[in-house]
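Report on the following structure.
The values are calculated or read from the model by the stated rules, or taken from the named source; none is laboratory data. Keep in mind it's a predicted model, so treat the numbers as computed, not measured. Here the Cβ positions follow ideal geometry from the backbone for every residue, glycine too, while neighbour counts run over all protein chains shown. We work out accessible area using only protein heavy atoms, side chains counted, and drop any ligands, DNA or RNA first. Shrake-Rupley method; radii C 1.70, N 1.55, O 1.52, S 1.80 Å.
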Amino acid sequence: MGRQSDADFGYTDELRERMVRQLLAVEAIRTPQVAAAFRAVPRHLFVPEVSAAQAYRSEDAQVVKRAANGKVTSTVSAARMQAIMLEQAGVRPGTRVLEIGSGGCNAALLAELVGADGEVTTVDIDRDVTDRARRLLAETGYPQVRVVQADGALGEVLHAPYDCILVTVESADLPPAWTEQLAEGGRIVLPLRVHGTTRSLALERERDRFVGRDYQLCGFVPMQGAGESRVRNVVLDDTHGAEITLRLDGDGARTIAVGPLRAALAQPRVEVATPLTVDGFEELDRLDLWLADTLPGFALLAATPAARRIVLTASPGGAPALLTDDGLAYRTLRRTGPDRGEFRLGACGHGPDAAALAHRVAEQIRAWDQGHRHDRPRFEVYPASTPDDRLPPGPVVERRHSRIAVTWPARR
């Protein structure tokens, strides 16, 4: 469907085919339809600001726009992540799709998948972004894609209902407009942030709730406008190039007494080792999600490498942490060997009750290992009005429009 320019032959064809083979090898692409879409769309023409070689790197997102403070506000997502989400969406010929977040390239991929009988509407809050997307889609042979400048949290009611709503900006909630504009039997695919970590989640309606059918770790630019809900950062230490920050998630993120926690970090730390190891990010993500569900006063403890003289983590995204009024403890990782991707798990505590807090974290690490190490949790999203007795047992993430439940299979 896409129109190829002279520059799109030869060298760029080779780059595109290499990218497709890489995406097939890592199973980001799983179906012939998605592979064909990636082979058809001239990706480099949607990011003319970079070289063709850079445009076809499967793991790299390309920046479209930055705010005045330098923060990225719009990107063309990495090809691997686009492929994962398109496979999650299950878009087929004739599908009506609403895309929230407009880079242009993903809309072109969707246009290939829905064919002449389908419809693609892409929405973005930023007029610069929609103007750019509209121009590039027309230039590359996809003028049939509707490009609308609007707040994505409100959807696009004029062309509803949609068989699929695919969100390409980080969301912490499920706005009512999306559920109302979704056709019966439709699917929502979105990067949903839960406990400070974002996962691309495929949601399907089941009676009064949406149930996740598949999820993958990811990272996206946060939503702007009515749906904006950002992680709140509380700095505990920023001296001598060492920054230690608590990352608090949730619309009603609690108030933190910084003074006592800073005093706790000034005290000697207590380490608790375990014999357990993890191998791979997915396994570690499942552990961290378990800790988020089971540790009271949960937060993420993020630290720069220079902060390792104080805390035993250098994770920019953050390690799961248990907080009290005057202390904290968090999950630690130690590499088991210089050439191995395996890490030993442990816990570290700070404050008057450092040892007890560290042991509580270590106990939950062992509980996960013994009861749920091989389980994938289930995500369910309920309307905010849902009473407690209609929810599954366990912790619930409260949002403005939703109540998000993360449940684990019962032990046998």
**Report entry** Filtered residue count, the range 343-370, keeping only those that are among the charged types (D, E, K, R) and closer than 14 Å to residue 287 by Cβ
**Finding:** 4
Query raised in the report: (1) touching a Ser or Thr at 6+ places or on another chain (Cβ under 8 Å); (2) within 15 Å of residue 20 (Cβ to Cβ): which one isn't true of residue 85, the others all being true?
Result: (2)
Report task. Under 8 Å between Cβ atoms, at least 6 apart or on separate chains: pull out the pairs that start in the range 280-300 with a residue that is at negative phi and end on any residue that is part of a helix (DSSP H, G or I) and open to solvent by 30 Å² or more (accessible area, probe 1.4 Å). Result -> 290/364; 291/364; 294/364; 295/360; 295/364
Query raised in the report: Restricting the search to the range 377-394, which residues are in contact with a helix residue (DSSP H, G or I) (Cβ under 8 Å, 6 or more places away or on another chain), assigned to a loop (DSSP other than H, G, I, E, B) and surrounded by 15 or more Cβ atoms within 10 Å (Cβ to Cβ)?
Result: 377
Requested in this report: Taking residue 296 as meeting all but one of (1) in a loop (DSSP other than H, G, I, E, B); (2) within 25 Å of residue 192 (Cβ to Cβ); (3) open to solvent by less than 10 Å² (accessible area, probe 1.4 Å); (4) not charged (D, E, K, R), write down the number of the exception.
Outcome: (3)
Query - Subset tally (residues that are closer than 19 Å to residue 110 by Cα, under 19 Å from the mean Cα position of the chain (by Cα) and open to solvent by less than 10 Å² (accessible area, probe 1.4 Å)) for the range 174-226 - result: 9
Query raised in the report: Could you say whether any residue in the range 18-25 is among the hydrophobic types (A, V, I, L, M, F, W, C), farther than 23 Å from residue 115 by Cα and out of contact with any Phe, Trp or Tyr (no Cβ under 6 Å at 6 or more places or on another chain)?
Result: yes
Query raised in the report: Yes or no: residue 78 more than 22 Å from residue 152 (Cβ to Cβ), of a type in the set (Gly, Ala, Ser) and open to solvent by less than 40 Å² (accessible area, probe 1.4 Å)?
Result: no
Report task. Can you give me the ranges of the strands (runs of 3 or more DSSP E) entirely in the range 187-259 with at least 3 residues that are free of Cβ contacts under 8 Å to residues at least 40 places away in the same chain? Result -> 197-206, 232-239
Query raised in the report: How many residues are open to solvent by 30 Å² or more (accessible area, probe 1.4 Å), among the aliphatic types (A, V, I, L, M) and under 15 Å from residue 81 (Cα atoms) if we restrict to the range 18-54?
Result: 3
Query raised in the report: From 327, 346, which residue is modelled with pLDDT of 90 or more, open to solvent by less than 10 Å² (accessible area, probe 1.4 Å), over 24 Å from residue 231 (Cα atoms) and touching an Asp or Glu at 6+ places or on another chain (Cβ under 7 Å)?
Result: 346
Query - Restricting the range 227-242 to residues that are under 21 Å from residue 401 (Cα atoms) and open to solvent by 60 Å² or more (accessible area, probe 1.4 Å), the residue that is farthest from the chain's Cα centre (by Cα) - result: 232
